[in-house]
Structure formats: structure tokens, C-alpha cells
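A quick write-up on the structure given underneath.
A short reminder: the numbers here are calculations on the coordinates, not readings from a lab. Because the structure is predicted, anything quoted here is derived from the model rather than measured. So basically every Cβ, Gly included, is an ideal-geometry build from the backbone, and we count neighbours across all protein chains shown.
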Amino acid sequence: MHSIVVVPMHSTCPDDHIHLDPCESLAFGRAVRPRGPHLFIPHEGVSREAGEITAAGAYWRLSNLSGAQTYVVENPEGAGEHIKVPPGRLDAPVPFEFSRVVLPAGSELLSFDVWAPRHDYLDRTGPRGGAPTASAFPLDRGKRYFQVLVALCAARLRGEPHAPLPTAEELVERLRPLWPSVSRASVAWNIDYLAVKLRLKPAPDSAPGGGPRLNGKKERLVSLALRFDLVREADLALLGGKAQPVR
């Protein structure tokens, strides 16, 4: 039996958790309901009938019953991944295994967590015969450019989705223990190489004058890498190992 677990804000023990079986619902808000499960949020900035959570097997749905506030559902493991549920939206499906529902409340942001069952995956992703499918983002985790990409994404992979990106000097310091000869120039070269490899800019020999300057290059690289899981939290271990140069 699948079960959705709702963890109230400031919960200190499992006895506080609320379990929902498929098709069961949990209302939440400032008002206290006389019957049925309810998550009481005693804050004047929260609507009396603020919303409702409905369990649906391996995922859950969120209804925003407020008249003016947009709710945000964050994936604490997703390096900034989130969905927005506008006022009046009913039964918005939430696909995250671990979620944090964030409610604007006056000058504060209140939150509670929702845990879905462990997601299942196929043992293999397609037929074994025939030609292999070409990779959209062919990255080699053993190369230095991949270590540069992981170093760029490190703070956000550690759960700080709004962390500023490291400067060139910070990247050099982060990479020096595993790449003693690293310099600002070599870091910049690898960032340019990644921008071309991930098709964020044309190769220098394929565009007049070496191609246009790419503004916000690091931000776009990090955004693409995190959006498509090109780097994951487990890749942080690579910052402690050795890599091969790309040339």
C-alpha cells in the first residue's frame, strides 16, 4: 500500500506525522475542522481554508484554495527544482519524492514537508538490440572539464539553490588540490569548451570572428547541467579525485 507522509512544520517526532493512503485527502489552513484529518497552521497570514493534499499512489496532488497567494513546492534534493501552484489551482500533481510546501504568510515563509513513496525505475531503458541511441549531452566524467562543471555547480548541488556562482579565483582554489597546475586561464578555457560542447555557443571555427560573446555563460551552463541532471550530488566526490585533461 502506498502512503503519503505529511510532516508538519517544527515536527519533532514521528507521532506528529500524518499518513494518507491513496485517494485520502488532508486539508490545511488556519481554521480548525471539527472532523477528518487536518493540518492546523495557526498564522493570521494563512487562509482559513488554505489548501488540500490528496494522495495518489506514488505521487500526490495539491489544491491551492487561497484567493491571492501562490504556493511553491520545492524539491529539497533538486538543486532549486520547484513548481508553482497559483491561487485557485486544483489537483496540481507533484512528482517529487521529497517535497517542501512553502506558504507566504505575512512577512514570513511557512513550510511543511511531504514524503511520497520511493519512486520505481526500469531496470533497463529500452531494447538491447540495434544501434545505441545517441547521447544528447556526451560528457566524460573522467575529464577535467567535467570537474570544472561540478565545481561550478557544487554549492547548488549541496542544497543552496540560490547560492552565487563561484568566481574564477574560487574555482581555481577549489580545483587546485586535484589539479596543481590549474589557473584562471585553464578554467576559462574549460568553461568555453563546455559552452561549445553543450551547444550554448558555436565552435570558434564555425562562426565569424570566433562567434558571439556569451553573456551569463556560467549561469547558463549551471542551469542546463542541473535542469537535465548532467551533474548530480554524487559527482561532488569527483572533486576529491583525479581527472584526465581533455587535451
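Can you give the Kirkwood hydrodynamic radius for the range 144-240, in Å, rounded to one decimal and based on Cα pairs?
On the way: mean 1/r = 0.0723 Å⁻¹.
Over the range 144-240, the inverse of the mean reciprocal pair distance is 13.8 Å.
What is the sum of charges, Lys and Arg at +1 and Asp and Glu at -1, for the other residues whose Cβ falls under 13 Å from the Cβ of Ala79? Before the final figure, lay out each step's value.
On the way: positive: Arg156, Arg158, Arg227, Arg232; negative: Glu74, Glu77, Glu81, Glu160, Asp229, Glu233, Asp235.
Taking every other residue near Ala79 into account, the sum is -3.
Pairs to check: Lys143/Lys218; Lys84/Lys201; Lys84/Lys143. Give those whose C-alpha atoms are more than 26 Å from each other in this structure. Intermediate values should be presented prior to the final figure.
On the way: Lys143/Lys218 18 Å; Lys84/Lys201 31 Å; Lys84/Lys143 37 Å.
Beyond 26 Å between Cα atoms: Lys84/Lys201; Lys84/Lys143.
Taking the Cα-to-Cβ direction at Glu81 and at Leu239 and moving 7 Å from each Cα, how far apart do the two end points lie in nm?
Those two pseudo-labels are separated by 2.1 nm.
Dividing the Cα radius of gyration by the Kirkwood radius, what Rg/Rh value follows for the range 105-187? Let's see the in-between values first.
On the way: Rg = 19.8 Å, Rh = 17.3 Å.
The Rg/Rh ratio comes out at 1.14.
Pulled fully out, how much extra length does the chain show between Arg232 and Trp189, if you take 0.36 nm times their separation in residues and subtract their Cα-Cα distance?
Working it through step by step, the gained length comes to 13.2 nm.
How large is the helix-only mean residue ellipticity at 222 nm for the chain, computed as the sum of -39500 (n - 2.57) over DSSP H runs with n ≥ 4, divided by its residue count, in deg cm²/dmol to the nearest 500?
Numbers: 4 runs with 47 residues, N = 247.
Here the helix-only value at 222 nm equals -6000 deg cm²/dmol.
Scaled to the compact-protein estimate 2.2 N^0.38 Å, what is the alpha-carbon radius of gyration of the range 1-104, rounded to two decimal places? Write out the running numbers ahead of the final one.
On the way: Rg = 13.0 Å, N = 104, 2.2 N^0.38 = 12.8 Å.
So the Cα radius of gyration is 1.02 times the expected 2.2 N^0.38 Å.
Quick query: amide H of Arg89 versus all other amide H atoms, modeled in the peptide plane; which residues come in under 5 Å with a sequence gap of 5 or more or a different chain?
Here the answer is Asn64, since their amide H atoms fall under 5 Å of that of Arg89.
Counting DSSP beta bridges with both partners in the chain, what percentage is antiparallel, nearest 5? Walk me through the intermediate numbers first.
Values: 34 of 38 bridges.
Around 90 percent of the beta bridges assigned by DSSP in the chain are antiparallel ones.
Relative contact order (percent) for the chain, with alpha-carbon contacts under 8 angstrom and 6 or more residues of separation? Intermediate values should be presented prior to the final figure.
Values: 421 pairs, mean separation 36.7, N = 247.
Result for the chain is 15 percent.
If you split all Cα-Cα distances of the chain into 10 Å bins from zero, what percentages do you get per bin, shortest first?
6, 24, 24, 20, 17, 7, 1, 0
Aspartates and glutamates near Lys217 by alpha-carbon distance under 17 Å, same-chain residues fewer than 8 away left out - which ones?
In chain and number order, the partners are Glu169, Glu170, Asp192.
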